[in-house]
1. Could you grab me the full set of residues in region 76-94 that are of a type outside the set (D, E, K, R), out of contact with any helix residue (DSSP H, G or I) (no Cβ under 6 Å at 6 or more places or on another chain) and under 18 Å from Val157 (Cβ atoms)?
2. From the list Thr113, Thr98, Thr91, pick out the single residue that is out of contact with any strand residue (DSSP E or B) (no Cβ under 6 Å at 6 or more places or on another chain), at pLDDT 95 or above, β-branched (Val, Ile, Thr) and not in a helix (DSSP H, G or I).
3. Picking from Ala73, Ala112, which residue would you name as being over 16 Å from Tyr156 (Cα atoms), small (Gly, Ala, Ser) and open to solvent by 30 Å² or more (accessible area, probe 1.4 Å)?
4. From the list Glu42, Glu65, which residue is closer than 20 Å to Phe150 by Cβ, surrounded by fewer than 18 Cβ atoms within 10 Å (Cβ to Cβ), at pLDDT below 95 and of a type in the set (D, E, K, R)?
5. Scan Val131, Val144, Val157 and give me the residue that is buried (at least 17 other Cβ atoms within 10 Å of the Cβ) and touching a residue at least 24 places away in the same chain (Cβ under 8 Å).
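The values are calculated or read from the model by the stated rules, or taken from the named source; none is laboratory data. None of these values were measured; they are calculated from a predicted model. Reconstructed Cβ throughout: ideal geometry from the backbone, glycine too, with neighbour counts over all protein chains shown. Ligands, DNA and RNA are stripped out before the accessible areas are found, and what is left, the full protein with its side chains, is counted by its heavy atoms. Shrake-Rupley method; radii C 1.70, N 1.55, O 1.52, S 1.80 Å.
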Amino acid sequence: FVRDPLGAVDTPQNGRLSSRATMAETGDSRHRIEELLYAYAERIDAGDFAGVGALFADGEIRVAEDGPSIRGAEAVRQLSAATVRLYGDGTPRTKHVTSNVMVEVDEAVGTATARSYFTVLQQLEDFPLQVIVAGRYHDTFARVDGVWRFKVRRMYVDLQGDLGRHLLIELPRSA
């Protein structure tokens, strides 16, 4: 229910659902989508590859526009385990910082898009704190049974530093 300053209440029953109700729903959806963005960073930094995979149970990850598609929880978990180096504490010793988040929601259809930046920092005993990679995420989401879920995450690497202690693979350098 939305109460206007004069005390009237907008409800579906009285047919007075205003744009403020839609704005409240959209605000909640944006918040839920941002939580997914931040959960990805938190889980990858914790070395929780099963948790990262769970975020993509109904979705996929792509590196760039034309990169291969990794679909589903188990495939994403395997991708993470095959590409990210873990240390004695079970983590990659990284912090993924997600910023410049822009979310657009279509409540009626139950879809959304988000664009954001990522910056990954890493520090080890013999490796001083530094930015090792930065880029962008372009994400799409769908609301499934009232819950927002990743559909597609596209990753674009824009800047690369020393990734040798983070990744088990080598990323191609952009031209």
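1. Passing the criteria: Leu79, Ala82, Thr83, Val84, Pro92.
2. On inspection, the qualifying residue turns out to be Thr91.
3. Only one candidate qualifies: Ala73.
4. Glu65
5. One residue alone meets the criteria, Val157.
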